[in-house]
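The values are calculated or read from the model by the stated rules, or taken from the named source; none is laboratory data. Since the structure is predicted, the reported quantities are computational estimates derived from the model, not experimental observations. Every residue, glycine as well, gets a Cβ built from its backbone with ideal geometry; the counts of neighbours run over all protein chains shown. With ligands, DNA and RNA removed, areas are computed over all heavy atoms of the protein, side chains included. Shrake-Rupley method; radii C 1.70, N 1.55, O 1.52, S 1.80 Å.
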Amino acid sequence: MTDDDYTTDTIAAIASAPGAAGIGVVRVSGPDVPRIASALLGKPPKIRHAHFAAFRGANSELIDRGLLLHFPSPASYTGEHVLELQGHGSAMLLDALLQRVCELGARLARPGEFTERAFLNGKVDLAQAEAVADLIAARSQAGARAALQSMEGVFSRKVEGLLQSLIALRVHIEAAIDFPEEEIDFLADPKLAQQLASVRSDLAALLHEAQRGVRLNDGLRVAIIGRPNVGKSSLLNALAGSDRAIVNAAAGTTRDVLRENLVLDGVSLELADTAGLRDTDDDVEREGVRRAHVELHRADVALLVTDTLHARADQILFYGLDHPVERLVLINKIDLDGDAAHGEQRDGCRWLWASAKTGAGLDALREELRRLAGAGSGEGAFSARRRHVFALQRVEQHLNAAAHALDTLYAGELAAEELRHAQQTLGEITGAYSSDDLLGAIFGSFCIGK
Ligand code: GDP
């Protein structure tokens with residue numbers, strides 16, 4: 001696709017949810033908008049003015065009555081001329097209106113094409129455009145609030161701030177390379193080390209916030225693990241408030257991975273009840289165990305369900321988890337052995353005592369999960385996607401390599417090269433550097449009309 005496409009053709013789509021509160025919207029964007037608007041209204045519309053109009057077909061037949069608004073380029077969502085036609089929420093009427101707009105010269109928009117144009121016209125950057133889709137898809141209030149922050153540019157501004165510090169650092173180092181005789185003196189300047197240290201700590205903070213942003217956006221992924229019959233399925237049911245997982249008194253019933261999405265006081269969780277982890281001769285169950293391990297690798301939280309007797313031994317299930325994952329140990333069935341519900345910190349894990357059967361101690365578990373999911377993280381919490389986190393992690397690697405090059409090798413060129421990569425990788429988040437494939441994947445996942 002060339003830039004020309006964006007100046008020569010006009011797109012249109014129904015931009016409201018079907019039947020949404022009785023109002024339906026057809027949105028049009030492109031250079032033909034003034035002509036299409038005049039044709040529909042019978043005269044040129046006033047800009048940013050709500051005209052009450054009768055929308056008529058080619059033979060003057062009435063399609064619908066409603067509001068017509070013209071937002072002229074460039075002060076519009078897409079940066080192009082935009083027309084909004086608000087009519088009644090009937091799917092039939094909206095289709096007829098859309099068809100009329102297409103007769104007048106527009107074509108049907110692809111999914112996400114309005115936002116894609118907004119991006120290509122510099123109205124929003126890529127992270128903001130992604131936040132539009134995330135806002136629409138938000139499953140929890142905290143997720144929606146966070147997506148709104150990203151849409152408003154909170155995340156992008158942090159990325160931009162880091163980018164500027166990185167550029168300042170590059171300028172400093174590249175200047176040193178230009179003066180080979182004094183290069184070592186330049187590179188050994190403590191100010192330079194300080195500057196790099198500060199960029200690295202800013203990046204670490206941003207990475208942490210972005211990871212929380214992913215949890216707010218996608219929901220916290222919790223893998224429930226433990227030996228068979230400790231009460232994993234019962235716990236999932238108790239948290240989800242349904243009988244989704246089959247609870248059975250015979251060991252080894254939960255062979256597959258059961259997933260439950262739930263919203264806990266405004267934050268979203270994805271709970272996965274994995275098979276009882278243990279060595280087994282049963283092929284089907286072995287497959288279940290394998291899936292449980294896969295599940296652990298994609299989880300944010302490993303929730304080990306066990307009992308007083310096996311708690312120590314069962315922690316072996318945490319071994320071999322080579323990626324950072326929060327660890328919770330839940331001693332279940334306290335109704336049987338007389339323990340009281342409480343919580344404490346032990347061996348880098350949070351330990352909780354509860355009963356899936358009576359519900360004792362489950363509020364503390366819910367509170368812990370809410371905290372891990374990013375609840376109450378304040379006004380500025382923004383949403384992010386895994387792609388952003390991966391990019392920030394790569395930036396971190398480049399900065400580590402740059403620090404190594406400077407501190408131990410005094411190799412300015414090497415450090416400069418790493419910083420150049422870091423800058424480019426950071427630019428992928430906001431779309432300063434992006435491939436057509438990436439843009440296609442991002443905008444293709446939008447709904448039509450956005
Ligand atoms: P899983 O194999 O780990 O998924 O275990 P289940 O959830 O299927 O539970 C196994 C058995 O333990 C069932 O008979 C449950 O009713 C029982 N159970 C689960 N949680 C509790 C609990 O907190 N207290 C008591 N007394 N029984 C429980």
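Within the range 390-411, the presence of at least one residue that is crowded, with 18+ Cβ neighbours inside 10 Å and under 25 Å from Ala302 (Cα atoms) is confirmed.
Residue-by-condition table, conditions (1) touching a residue at least 12 places away in the same chain (Cβ under 8 Å); (2) open to solvent by 40 Å² or more (accessible area, probe 1.4 Å); (3) in contact with a strand residue (DSSP E or B) (Cβ under 9 Å, 6 or more places away or on another chain); (4) farther than 26 Å from Ile47 by Cβ:
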{"site": "Ile63", "(1), (2), (3), (4)": "yes, no, yes, no"}
{"site": "Gly66", "(1), (2), (3), (4)": "yes, no, yes, no"}
{"site": "Leu85", "(1), (2), (3), (4)": "yes, no, yes, no"}
{"site": "Met92", "(1), (2), (3), (4)": "no, yes, no, yes"}
{"site": "Cys102", "(1), (2), (3), (4)": "yes, no, yes, no"}
{"site": "Ala106", "(1), (2), (3), (4)": "yes, no, yes, no"}
{"site": "Ala129", "(1), (2), (3), (4)": "yes, no, no, no"}
{"site": "Gly153", "(1), (2), (3), (4)": "yes, no, no, no"}
{"site": "Arg170", "(1), (2), (3), (4)": "yes, yes, no, yes"}
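Of the residues making up the range 333-350, those that are crowded, with 18+ Cβ neighbours inside 10 Å and hydrophobic (A, V, I, L, M, F, W, C) are Ile334, Ala341. Annotation note: of Val389, Val325, the sole residue that is more than 16 Å from the ligand (Cβ to nearest atom), farther than 30 Å from Glu181 by Cβ and in the same structural domain as Ala168 (by TED's automatic domain parsing) is Val389. If you filter the range 356-386 down to residues that are within 17 Å of Glu270 (Cβ to Cβ) and free of Cβ contacts under 8 Å to residues at least 60 places away in the same chain, you find that the one that is farthest from the ligand (Cβ to nearest atom) is Arg371. Within this structure, Leu330 fails the test of being under 20 Å from Ser234 (Cα atoms), crowded, with 21+ Cβ neighbours inside 10 Å and without any contact (Cβ under 8 Å) to a residue 60 or more places away in the chain. In the range 334-355, the residue that is nearest to the ligand (Cβ to nearest atom) out of those that are within 18 Å of Val230 (Cα to Cα) and in a loop (DSSP other than H, G, I, E, B) is Ser355. Among the residues of the range 15-43, those identified as open to solvent by 90 Å² or more (accessible area, probe 1.4 Å) and assigned to a loop (DSSP other than H, G, I, E, B) are Pro18, Lys43. Out of Ala137, Ala75, Ala96, one residue alone is small (Gly, Ala, Ser), closer than 22 Å to Val214 by Cα, surrounded by fewer than 20 Cβ atoms within 10 Å (Cβ to Cβ) and without any contact (Cβ under 8 Å) to a residue 40 or more places away in the chain. It is Ala137. What do you reckon, is Gln164 under 16 Å from Ala415 (Cβ atoms), surrounded by fewer than 18 Cβ atoms within 10 Å (Cβ to Cβ), away from the ligand (no atom under 16 Å from the Cβ) and modelled with pLDDT of 90 or more? Considered against the rule, which asks whether it is under 16 Å from Ala415 (Cβ atoms), surrounded by fewer than 18 Cβ atoms within 10 Å (Cβ to Cβ), away from the ligand (no atom under 16 Å from the Cβ) and modelled with pLDDT of 90 or more, Gln164 comes out as no. Hey, among Val199, Val230, which residue is buried (at least 19 other Cβ atoms within 10 Å of the Cβ) and under 22 Å from Phe382 (Cβ atoms)? Answer to the selection: Val199.
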